[in-house]
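The values are calculated or read from the model by the stated rules, or taken from the named source; none is laboratory data. This is a predicted model, so every value here is computed, not measured. Glycine also receives a Cβ, built like all others from the backbone with ideal geometry; neighbour counts cover every protein chain displayed.
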Amino acid sequence: MTAMAKIVDLERAREHRELCQLVLGILRDWEVRDADQARLLGLEGMTARRWRRIRSGQEMLPEDEKTLVRIHLILSIYRQLRLHYPRSQAAADAYATAPLRSFGGRTPVEVMLEDGEAGMRALLEHLQGSGPWG
């Protein structure tokens, strides 16, 4: 492996580590329980020990397509919430646990947990086409 390839690999690993910490921080801010964080990321079968290592930053989230798609959707939902609530991070975070009429009174976290990736996509589309009143 050339020196340049090593540098590229190190940079990619650093970016992935930062991405992992960012998405886990968002899920904590949304008050998602640890076990549910793994479910949202499509990691239901992961051992508790490995999940603790990921949460502590000792290990990174898998880079498989399913996990990366879910990370992308969570970050996109987060971005939309920041656009809806530009002056209040607390209000944007609180939205994640507020019941939504559009989803039968379920909270965004419940929609994502119960409906998986399809629920994440539906929630994102909802946020892209509505105001914060939900």
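Return the only residue of 101, 70, 55, 82 being over 17 Å from residue 27 (Cβ atoms) and not aliphatic (A, V, I, L, M). Spell out the reasoning first.
Details: 70 fails: over 17 Å from residue 27 (Cβ atoms); 55 fails: over 17 Å from residue 27 (Cβ atoms); 82 fails: over 17 Å from residue 27 (Cβ atoms).
Being over 17 Å from residue 27 (Cβ atoms) and not aliphatic (A, V, I, L, M) holds for just one of 101, 70, 55, 82, which is 101.
For the range 79-87, indicate whether the set of residues that are basic (Lys, Arg) and in contact with a Leu (Cβ under 8 Å, 6 or more places away or on another chain) is non-empty.
Step one: of the range 79-87, the residues basic (Lys, Arg) are 79, 82, 87.
Then drop every residue that is not in contact with a Leu (Cβ under 8 Å, 6 or more places away or on another chain), which leaves none.
For the range 79-87, residues basic (Lys, Arg) and in contact with a Leu (Cβ under 8 Å, 6 or more places away or on another chain): absent.
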- Message: Condition first: outside any helix (DSSP H, G or I), within 18 Å of residue 124 (Cα to Cα) and either in contact (Cβ under 8 Å) with a residue 12 or more places away in the chain or not aliphatic (A, V, I, L, M) (or both). Can you find one or more residues in the range 2-24 that meet it?
- Response: no
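Rundown of residues vs (1) at pLDDT 90 or above; (2) buried (at least 16 other Cβ atoms within 10 Å of the Cβ), yes/no style:
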position	(1), (2)
8	no, no
15	no, no
33	yes, no
77	yes, yes
- residue 51: more than 20 Å from residue 96 (Cβ to Cβ), touching a helix residue (DSSP H, G or I) at 6+ places or on another chain (Cβ under 9 Å) and modelled with pLDDT of 90 or more, yes or no? yes
- Task: Please determine, by comparing only the residues of the range 35-57 that are outside any helix (DSSP H, G or I) and aliphatic (A, V, I, L, M), which one is surrounded by the most Cβ atoms within 10 Å (Cβ to Cβ).
- Result: 41
